[in-house]
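Undergrad: Let me give you the structure first, and then I'll get to my questions.
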Amino acid sequence: MPKTMLANATINAIYLADPTHLTELCDELGDVSHVIENLVFSPMVKQDICFARDVWLEPQIVTFNSISEAVKLLRAAGKYWYLYPLENIRRSRLIEAELRNLPLLTHTFPLQEAIPAIGCFTLLDKNTLVYSAKRWKKAPLGDFQFIEDKTNPPNRAYLKLWEALSLGDIYPSAGDTALDLGASPGGWTYVMQTLGTKITAVDKAPLEPRIAKLPNVTFLQQSAFALNPADLKHPVDWVLCDVACYPERTYELIMQWINSGNAKHLIFTIKLQGKTDIATLEKFKKIPGGRVIHLFYNKHEATFFYPEPTQLQIG
Ligand SMILES: C[S@@+](CC[C@H](N)C(=O)[O-])C[C@H]1O[C@@H](n2cnc3c(N)ncnc32)[C@H](O)[C@@H]1O
């Protein structure tokens, strides 16, 4: 493949796409040199990219002749390397076998240990190595391999919040206050409860009874939109929202919360409708101090963070 095609291109970043949102990633970038499976090569380092699983920030595209030469190049550039298998898989695996073993990549929540810097590499053909020691996300494919809790949460939505908190490296402290809008059946409320926060869950539908009975959980059965953020007597440490509604309503609600000054942290799911409307998403991306990311555990959704956790900044 395309060594020659890439030879004259300026590639400043390689984006790893979620295969279900490859088109969105390309639309967002605009300037794309090449797409090879889920790798998108671009001259642009886009600081506010939403639809990338990960970004390889210092991509090197080099010719090599032997496995030992490739290994030497990688060893000189970094300690740990993750193979993204693309072409010449057997040869790629032989290179991988010569590199240092990776640390454990499965995690409990909250993460117990810091994930060390791990570079990624792949082969474009028998003699072309692509690698980047510097990447955006901690986990090699941009997804935390969580050891799931199949017993306690009422559904799998908890994984979205686990990922959001871990990715941003932002964890509530015990005793923090939290408002969980669109909380039922209670996956996110469950997560916040395990972290020791005092949560008010709000939903038109009931919480699962065993979540409603947990200590420090209060439930308001009403619309999330009936709460006026400006009316709150005390600011809330965490305002979370997973309400199933049109993005425009979510946008209005986010702006109400930010303008009220009554929320220290916001984590909101933006539910995308049908074909992704990049223009709508751009509105969220333009909110000063915010950040929009399509999480690994987001389906046809994206997640809005405010303020932007420093861990999510690119570069
Ligand atoms: C995806 S589910 C939320 C899942 C939840 N985060 C969890 O972890 O279990 C979306 C929720 O939004 C709720 N919802 C829809 N419109 C609402 C509104 N206007 N106010 C409050 N909740 C609403 C639905 O009842 C539903 O429970």
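The values are calculated or read from the model by the stated rules, or taken from the named source; none is laboratory data. Predicted model only: the values in this text are computed from it and were never measured. Quick reminder, even Gly has a Cβ in these numbers, built from the backbone with ideal geometry, and neighbours come from all protein chains shown. Only protein heavy atoms, including side chains, enter the accessible area calculation; ligands, DNA and RNA are left aside. Shrake-Rupley method; radii C 1.70, N 1.55, O 1.52, S 1.80 Å.
Undergrad: Which members of the stretch 240-263 meet the condition of being over 13 Å from residue 179 (Cα atoms), away from the ligand (no atom under 15 Å from the Cβ) and in contact with a strand residue (DSSP E or B) (Cβ under 8 Å, 6 or more places away or on another chain)?
TA: 258
Undergrad: Going by the structure shown, is residue 211 within 11 Å of the ligand (Cβ to nearest atom), assigned by TED's automatic domain parsing to the domain that holds residue 237 and not small (Gly, Ala, Ser)?
TA: Numbers: within 11 Å of the ligand (Cβ to nearest atom): yes; assigned by TED's automatic domain parsing to the domain that holds residue 237: yes; not small (Gly, Ala, Ser): yes.
Spelling it out, residue 211 is indeed within 11 Å of the ligand (Cβ to nearest atom), assigned by TED's automatic domain parsing to the domain that holds residue 237 and not small (Gly, Ala, Ser).
So that you can scan it fast, the table gives a plain yes or no per residue for (1) out of contact with any Phe, Trp or Tyr (no Cβ under 9 Å at 6 or more places or on another chain); (2) open to solvent by 10 Å² or more (accessible area, probe 1.4 Å):
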{"position": "141", "(1), (2)": "no, yes"}
{"position": "145", "(1), (2)": "yes, yes"}
{"position": "157", "(1), (2)": "no, yes"}
{"position": "178", "(1), (2)": "no, no"}
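Undergrad: Test residue 150 against the criterion of being open to solvent by 60 Å² or more (accessible area, probe 1.4 Å), within 16 Å of the ligand (Cβ to nearest atom), among the basic types (Lys, Arg) and assigned to a loop (DSSP other than H, G, I, E, B), and give yes or no. Step through it out loud before you land on a result.
TA: Numbers: open to solvent by 60 Å² or more (accessible area, probe 1.4 Å): yes; within 16 Å of the ligand (Cβ to nearest atom): yes; among the basic types (Lys, Arg): yes; assigned to a loop (DSSP other than H, G, I, E, B): yes.
It is true that residue 150 is open to solvent by 60 Å² or more (accessible area, probe 1.4 Å), within 16 Å of the ligand (Cβ to nearest atom), among the basic types (Lys, Arg) and assigned to a loop (DSSP other than H, G, I, E, B).
Undergrad: Is it the case that residue 266 is closer than 16 Å to residue 176 by Cβ, open to solvent by less than 50 Å² (accessible area, probe 1.4 Å) and away from the ligand (no atom under 12 Å from the Cβ)?
TA: Values: closer than 16 Å to residue 176 by Cβ: yes; open to solvent by less than 50 Å² (accessible area, probe 1.4 Å): yes; away from the ligand (no atom under 12 Å from the Cβ): yes.
Here the answer is yes, as residue 266 does meet what is asked.
Undergrad: On to the next question. If residue 237 satisfies all but one of (1) assigned to a strand (DSSP E or B); (2) within 14 Å of the ligand (Cβ to nearest atom), what's the number of the condition it fails?
TA: With (1) assigned to a strand (DSSP E or B); (2) within 14 Å of the ligand (Cβ to nearest atom) applied to residue 237, the lone miss is (2).
Undergrad: Now a separate question. Taking strands (runs of 3 or more DSSP E) that do not extend beyond the stretch 14-124, which have at least 1 residues that are crowded, with 19+ Cβ neighbours inside 10 Å and touching a Phe, Trp or Tyr at 6+ places or on another chain (Cβ under 7 Å)?
TA: Numbers: elements: 34-36, 39-42, 52-56, 60-63, 80-83.
Strands (runs of 3 or more DSSP E) meeting the threshold: 39-42, 52-56, 80-83.
Undergrad: Count, please, the residues in the stretch 174-184 that happen to be away from the ligand (no atom under 14 Å from the Cβ) and either in contact (Cβ under 8 Å) with a residue 60 or more places away in the chain or at positive phi (or both). Steps first, answer last, please.
TA: Let us first name the residues in the stretch 174-184 that are away from the ligand (no atom under 14 Å from the Cβ), namely 174-177.
Filter once more, so that each one left must be either in contact (Cβ under 8 Å) with a residue 60 or more places away in the chain or at positive phi (or both): 175-177.
Qualifying residue count for the region: 3.
Undergrad: Among the numbered criteria (1) open to solvent by 50 Å² or more (accessible area, probe 1.4 Å); (2) more than 16 Å from the ligand (Cβ to nearest atom), which single criterion is violated by residue 226?
TA: With respect to (1) open to solvent by 50 Å² or more (accessible area, probe 1.4 Å); (2) more than 16 Å from the ligand (Cβ to nearest atom), residue 226 is out only on (2).
Undergrad: Shifting gears a bit: Considering only residues that are among the small types (Gly, Ala, Ser) and buried (at least 23 other Cβ atoms within 10 Å of the Cβ), which ones fall in the stretch 185-223?
TA: Here is the first cut: in the stretch 185-223, the ones among the small types (Gly, Ala, Ser) are 186-187, 196, 201, 205, 212, 223.
Residues satisfying the conditions are 186, 187, 201.
Undergrad: Filter the stretch 231-242 for residues that are open to solvent by 20 Å² or more (accessible area, probe 1.4 Å) and under 24 Å from residue 191 (Cβ atoms) and give the result. Steps first, please.
TA: Keep residues of the stretch 231-242 that are open to solvent by 20 Å² or more (accessible area, probe 1.4 Å), which gives 231-235, 237, 242.
232, 234, 235, 237, 242, listed by residue number.
Undergrad: Failed condition for residue 127, given (1) touching a Lys or Arg at 6+ places or on another chain (Cβ under 9 Å); (2) open to solvent by less than 40 Å² (accessible area, probe 1.4 Å); (3) within 30 Å of residue 35 (Cβ to Cβ), with all others met?
TA: (2)
Undergrad: Something else now. Quick one: what pairs do we get from the stretch 185-208, first residue closer than 13 Å to residue 172 by Cα and more than 6 Å from the ligand (Cβ to nearest atom), second of a type in the set (A, V, I, L, M, F, W, C) and open to solvent by 40 Å² or more (accessible area, probe 1.4 Å), C-beta under 6 Å, 6+ apart or different chains?
TA: 193/214; 196/174
Undergrad: Follow-up question, since we're still on this one. Which residue is nearest to residue 182 (Cα to Cα), if the candidates are limited to the stretch 214-223 and must be without any contact (Cβ under 8 Å) to a residue 24 or more places away in the chain and away from the ligand (no atom under 12 Å from the Cβ)?
TA: Among those residues, the one meeting the criterion is 218.
Undergrad: Are any residues in the stretch 281-301 in a helix (DSSP H, G or I) and open to solvent by less than 10 Å² (accessible area, probe 1.4 Å), and if so, which ones? Steps first, please.
TA: If we filter the stretch 281-301 for residues that are in a helix (DSSP H, G or I), which is where we start, we get 281-285.
281, 284 - these are the residues of the stretch 281-301 that are in a helix (DSSP H, G or I) and open to solvent by less than 10 Å² (accessible area, probe 1.4 Å).
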